[in-house]
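Have a look at the structure below before the remarks.
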């Protein structure tokens, strides 16, 4: 099997560009997985905890409610375009299937639907923040 160095470099560049920690690519029988070193991940986690906004988001009331999680690794956007009205705000009533935000991955905009009816209790991510698969984005009452 010949290794496609150009493809691997492109995947590594996507890790950096989108703030990802891991990326997997498959074409036919060829499967490539690239990831950042764990030391870099630990540094980014510890530096995130220093930010005052992150400290506020990690309060104890984030444990109660219905969690809407990210279906993909990417960058979260709270509005359809810069300067536009947000999809949801705290206190808004949402219906199951309603778009609550967008997660961009590899220049593809993925709409994140609400998993149930409810009221937005807390938005746990900021606009333009990198998110992981399964990370809680919004809490509903």
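FYI, it's all coordinate maths here, none of it is from the lab. Fair warning: this is a prediction, and the values are worked out from it, not measured in the lab. No Cβ is skipped: glycine too gets one built from the backbone with ideal geometry, and neighbour counts run over all protein chains shown.
For the stretch 63-141, what is the Kirkwood estimate of the hydrodynamic radius, computed as the reciprocal of the mean inverse distance between distinct Cα atoms, to one decimal in Å? Intermediate results must be reported in sequence, preceding the final value.
Working: mean 1/r = 0.0817 Å⁻¹.
Value: 12.2 Å, from the Cα pair sum.
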How do 131, 12, 90 rank when sorted from fewest to most other Cβ atoms within 10 Å of their own Cβ?
90, 12, 131
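For a quick check: sort 77, 25 by the number of other beta carbons within 10 angstrom, fewest at the front. The partial results should precede the final answer.
Numbers: 77 21, 25 15.
Fewest-to-most Cβ neighbours within 10 Å comes out as 25, 77.
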According to a simple spin-label model (label point 7 Å from Cα along Cα-to-Cβ), what is the distance in nm between residue 14 and residue 115?
2.6 nm
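How would you rank 10, 119, 27, going from fewest to most other Cβ atoms within 10 Å of each one's own Cβ? Working shown, then result.
On the way: 10 12, 119 15, 27 9.
Taking fewest neighbouring Cβ atoms as first place, the list is 27, 10, 119.
In nm, what is the difference between 0.36 nm times the number of residues separating residue 21 and residue 3 and their Cα-Cα distance? List each step's numbers first, then the result.
Values: separation 18, 0.36 × 18 = 6.48 nm, distance 2.19 nm.
Length gained between residue 21 and residue 3: 4.3 nm.
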Could you give the nm distance between label points at residue 99 and residue 36, where each point is 7 Å from its Cα heading toward the beta carbon?
2.8 nm
